[in-house]
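Undergrad: One structure, as structure tokens, below. Some questions next.
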Amino acid sequence: MSERRRAGLPSRIALLLASFLVAAPVSPATKGSIALECPPVLATSVVAEKYRGWFVYSNDPLRLTGADIAFFVDHEDGWLDPDEISHLNDEDLSVVHTFRLVEHRDIEHPMLVCHYGVHAQLSRALPPGAVECTVVQHQRFGPEEFEFEALCR
């Protein structure tokens with residue numbers, strides 16, 4: 001990831017989160033909660049010897065290609081739509097999808113689902129007291145940068 005991206009994005013996300021936290025009271029459960037972040041790369045590799053005669057086209061790790069919030073309501077699963085979509089107007093043409101979990105108290109067992117291409121995903125229950133998740137998509141990114149970042153607090 002470039003120095004520009006590393007230096008700029010955390011401050012932008014911090015500003016977004018700070019504005020949310022200033023606007024809404026913080027519960028004691030939220031103060032001690034841990035952030036949950038999608039890993040930017042899912043480290044996988046194909047053992048070529050296991051597939052003799054086959055050519056391994058790419059053995060690169062899978063990069064994060066998106067994230068969602070999954071949940072259960074009345075024993076049915078679903079996907080939460082973002083509560084807000086904003087454009088940062090930065091050089092990366094970043095788009096921020098904000099999920100305000102406190103506005104969806106009826107959902108049960110919310111999970112952050114991290115997508116890596118179309119065939120791999122990781123999912124994990126959100127930390128207790130999580131109030132907001134942000135998924136940032138950078139529409140411009142270089143080979144050492146990441147297209148997506150996802151964070152729940």
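The values are calculated or read from the model by the stated rules, or taken from the named source; none is laboratory data. Please read all numbers here as calculations on a predicted model, not as lab measurements. Because the Cβ atoms are built from the backbone with ideal geometry, glycine has one as well, and the counts that use them run over all protein chains shown.
Undergrad: Can you tell me how many residues in segment 61-85 are acidic (Asp, Glu) and touching a residue at least 24 places away in the same chain (Cβ under 8 Å)?
TA: Residues that pass the stated criteria total 1.
Undergrad: Taking segment 126-153 as the search range and keeping residues that are out of contact with any Leu (no Cβ under 8 Å at 6 or more places or on another chain) and exposed (fewer than 12 other Cβ atoms within 10 Å of the Cβ), which one is farthest from LEU88 (Cα to Cα)?
TA: Restricting to residues being out of contact with any Leu (no Cβ under 8 Å at 6 or more places or on another chain) and exposed (fewer than 12 other Cβ atoms within 10 Å of the Cβ), the top hit is PRO128.
Undergrad: Over 16 Å from CYS133 (Cβ atoms) and either at pLDDT 85 or above or not hydroxyl-bearing (Ser, Thr, Tyr) (or both), is that true of ALA18?
TA: no
Undergrad: Can I ask one more? Which members of segment 42-60 meet the condition of being closer than 19 Å to GLN137 by Cβ and free of Cβ contacts under 8 Å to residues at least 60 places away in the same chain?
TA: none
Undergrad: Sticking with this structure for a sec: Out of LEU101, LEU80, LEU126, report the one residue that is at pLDDT 90 or above, over 29 Å from THR44 (Cβ atoms) and hydrophobic (A, V, I, L, M, F, W, C).
TA: LEU101
Undergrad: Are any residues in segment 123-147 over 11 Å from GLU37 (Cα atoms) and part of a strand (DSSP E or B), and if so, which ones?
TA: Selection gives ALA125, GLU132, VAL136, GLN137.
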